[in-house]
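A short worksheet on the structure shown next.
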Amino acid sequence: MIKKNAIAVMVIMLFMIVTGCNFNSSSTSGSKQLTGVWEVVALHEKQEATSIMAKIQSANFQRAYPIGGKVEFMSGNLVQMGGRSMTYDIPSAGKLRFLTGNGGTDGIVDFELKDGTMFWHFGEASVEFRRV
């Protein structure tokens, strides 16, 4: 009985070590790929805003991510955008999480990197960035 429990504990510990190493390596490599200054070059909306509410949301989106706006990812998982500095991490592939000063989540965005371009995907819109 004790031997079975010891084996089970060892298997669980090994699983935690392996998954922890994979998480840390993907988070670190993703952070290194992001490091630098990125500029907003385009906003892509899935459909044209026709209702008043959709037009308001579109205007807010354009204000939050103006063409030419910059985001800087720095070492130590620091990011600066829109006059705000915060930390970020990559909790899983394709997810970028922004953290508040006390470690809470400020927001999570789907992102992808390809050929020197970064995309942030929101429900009905995407932001396209190019490395400066």
Hits in the range 58-85 - residues which are in a strand (DSSP E or B), over 14 Å from Thr35 (Cα atoms) and not basic (Lys, Arg) | Ser85
Lone unmet requirement of (1) at pLDDT 85 or above; (2) loosely packed, with under 14 Cβ neighbours inside 10 Å; (3) within 15 Å of Glu128 (Cα to Cα) for Lys46 | (1)
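Confirm whether Trp38 is of a type in the set (Phe, Trp, Tyr), in contact with a Leu (Cβ under 9 Å, 6 or more places away or on another chain) and modelled with pLDDT of 90 or more.
Working: of a type in the set (Phe, Trp, Tyr): yes; in contact with a Leu (Cβ under 9 Å, 6 or more places away or on another chain): no; modelled with pLDDT of 90 or more: yes.
Spelling it out, it is not the case that Trp38 is of a type in the set (Phe, Trp, Tyr), in contact with a Leu (Cβ under 9 Å, 6 or more places away or on another chain) and modelled with pLDDT of 90 or more.
Please determine, by comparing only the residues of the range 67-78 that are surrounded by 11 or more Cβ atoms within 10 Å (Cβ to Cβ) and in contact (Cβ under 8 Å) with a residue 24 or more places away in the chain, which one is farthest from the chain's Cα centre (by Cα). Quick ask: steps written out before the conclusion?
Residues of the range 67-78 surrounded by 11 or more Cβ atoms within 10 Å (Cβ to Cβ): 67, 69-74, 77-78.
Cutting the leftovers down to in contact (Cβ under 8 Å) with a residue 24 or more places away in the chain gives us 67, 69-74, 77.
Numbers: Ile67: 19, Gly69: 17, Lys70: 15, Val71: 12, Glu72: 13, Phe73: 11, Met74: 14, Asn77: 11 Å.
Result: Ile67.
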Output the qualifying pairs, or none if there are none: Cβ atoms under 8 angstrom, residues six or more apart or on different chains, first residue in the range 35-57 and touching a residue at least 40 places away in the same chain (Cβ under 8 Å) and more than 10 Å from Val127 (Cα to Cα), second residue of a type in the set (S, T, N, Q) and not in a strand (DSSP E or B).
-> Thr35/Ser75
Meets criteria (on the phi > 0 side of the Ramachandran plot and either in contact with a helix residue (DSSP H, G or I) (Cβ under 7 Å, 6 or more places away or on another chain) or without any contact (Cβ under 8 Å) to a residue 12 or more places away in the chain (or both)) for Gly82 = no
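Scan the range 105-116 and tell me whether some residue there is touching a residue at least 40 places away in the same chain (Cβ under 8 Å) and surrounded by 14 or more Cβ atoms within 10 Å (Cβ to Cβ). So that I can check it myself, show each step before the final result.
So in the range 105-116, the residues touching a residue at least 40 places away in the same chain (Cβ under 8 Å) come out as 113.
Filter once more, so that each one left must be surrounded by 14 or more Cβ atoms within 10 Å (Cβ to Cβ): 113.
Looking for residues that are touching a residue at least 40 places away in the same chain (Cβ under 8 Å) and surrounded by 14 or more Cβ atoms within 10 Å (Cβ to Cβ), one finds at least one in the range 105-116, hence yes.
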For Ala8, all conditions in the list (1) at pLDDT below 85; (2) closer than 18 Å to Glu124 by Cβ hold save one; what is the number of the exception?
-> (2)
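The values are calculated or read from the model by the stated rules, or taken from the named source; none is laboratory data. Predicted model, so just to flag it, every value in this text is computed and none were measured. Heads up, the Cβs are rebuilt from the backbone with ideal geometry, glycines too, and the neighbour counts pull from every protein chain shown.
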